[in-house]
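The values are calculated or read from the model by the stated rules, or taken from the named source; none is laboratory data. What you see is a predicted model, and the numbers here were worked out from it, not measured in a lab. Cβ: placed from backbone, ideal geometry, glycine included. Neighbour counts: every protein chain shown. All accessible areas refer to the heavy atoms of the entire protein, side chains included, with ligands and DNA or RNA removed. Shrake-Rupley method; radii C 1.70, N 1.55, O 1.52, S 1.80 Å.
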Amino acid sequence: MAKRDYYEILGVEKGASDAEIKKAFRRIAMKYHPDRNPDDANAEEKFKEAQEAYEILGDEEKKSAYDRFGHAGVDGNAGGGGGAGFSDVFGDVFGDIFGGGGGRGRGGPQRGSDLRYDLQLDLEDAVKGKTVQIDVPTMSPCDPCDGSGARKGSSPVTCDTCGGAGQVRMSQGFFSVQQACPKCRGRGQMISDPCGDCHGQGVKEERKTLSVKIPAGVDTGDRIRLAGKGEAGPQGGAAGDLYVQMHVRDHAIFVRDDANLHCEVPISFAQAALGGELEVPTLSGKVKLKVPVETQSGKLFRLRGKGVAPVRGGATGDLLCRVVLETPVNLSPEQKEFLQKFDDSLAGKSKHSPRSNNWFDGVKKFFDNLTG
């Protein structure tokens, strides 16, 4: 039996915010929690289903994978298969009810936050690849205290509320939830003599200059993960990751469609009627495009292999050039007279304008049918 859509399970739209997703899960969890519905297998099943949906949609990376690939993109990440456990999910959603102060309680130093950097790229750089330097404001370990948060020569002391566990058990009504200790905020330790430079946080704000290698073929929406380049964790915790998000600027000539590129090429009436060669641009230089005699406006020409080599592998795309007939402007009286004579020479000769004649014949039949 196919799995139900996670958004449908929680009763939210695909574009729902994190707050809306959390609120929806809270409502369902409160209604179907096993403690409130003893011996009700149907309620228990709905509770587990909602729990699994929130494990995916409540996590930015898993939600992104699910949005792109559906259940296939998150297999093994839901229902205990490598994702957050129930205590993590439930504690995160209901922490404010029981005064946990937010966060998932775990003793010891905490991991630093992940960071996101939005990188603007020209199409040429996205297609060919490039190494760029970026400046990232972040939190780094404090040097004087080596990231411990305690003044040099002193050490953190064990929290007297949780005994160093970093967690306490909160109970209310049907629920009993293990939460981060409100006093030490899940660290298990307290700073009795804080460092004067970082005020006990173990981290200080600074700007880092990082070199990022952009692989050839990236597109808007792609991102690069730089492990350990995010914010340093408080009290000596591991650093988070930095995600560099790609945004490719609009190009003056080309429009990208996956591996293919599109462009419009203006062509004169004479060139379209008589044929010839046009010089058209590609990202690798100019090429000649042969235009056949009697080419019509809108004709599409394909230049194979002149598109983009996808970043994840596969065949290089094509460049598709659409010729667009350009009507001349700012004509002199002599030119207008010449053009009128030329048009008069074509009048009544259907062989010169087969499309126009077929169209007018179709219009005549249409009106004949209406009046007949």
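Note down the nm distance, to one decimal, between modelled labels 7 Å out along Cα→Cβ at Lys183 and at Thr220.
Placing both labels 7 Å beyond Cα along the Cβ direction yields 5.3 nm.
Averaged per residue, what accessible surface does the range 256-319 expose to a 1.4 Å probe, in Å²? Numbers along the way, then the final one.
On the way: 3840 Å² over 64 residues.
It amounts to 60 Å² per residue over the range 256-319.
Using Cα pairs under 8 angstrom and six or more residues apart, how large is the relative contact order of the range 228-330, in percent? Don't skip to the answer; put the middle values down first.
Numbers: 180 pairs, mean separation 27.2, N = 103.
Result for the range 228-330 is 26 percent.
Compute, for Lys286, the solvent-accessible surface of its heavy atoms (probe 1.4 Å) with the complete set of protein chains present, and express it in square angstrom to the nearest 10.
It works out to around 150 Å².
By how many nm would the segment from Val287 to Glu205 grow when fully extended, if each residue of separation counts as 0.36 nm and the alpha-carbon distance is taken off? Present the calculation step by step, with values, prior to reporting the outcome.
Numbers: separation 82, 0.36 × 82 = 29.52 nm, distance 5.14 nm.
24.4 nm is the gain from fully extending Val287 to Glu205.
Using a Förster distance of 35 angstrom, determine the FRET efficiency expected from the C-beta separation of Glu61 and Glu279, and round it to 0.05.
Details: r = 46 Å, r/R0 = 1.32.
So, using R0 = 35 Å, E works out to roughly 0.15.
Strictly over 27 Å apart at the Cα level, which of Lys128/Lys229; Lys290/Lys364; Lys152/Lys213; Lys14/Lys299; Lys23/Lys48 would you flag in this model?
The pairs that break the limit, which is 27 Å between Cα atoms, are Lys290/Lys364; Lys152/Lys213; Lys14/Lys299.
Over all directions, what mean area does the Cα convex hull of the range 191-350 project, stated in square nanometres? Each step should come with its number before you reach the end.
Numbers: hull surface 67.3 nm².
Convex hull of Cα atoms, orientation-averaged projection: 16.8 nm².
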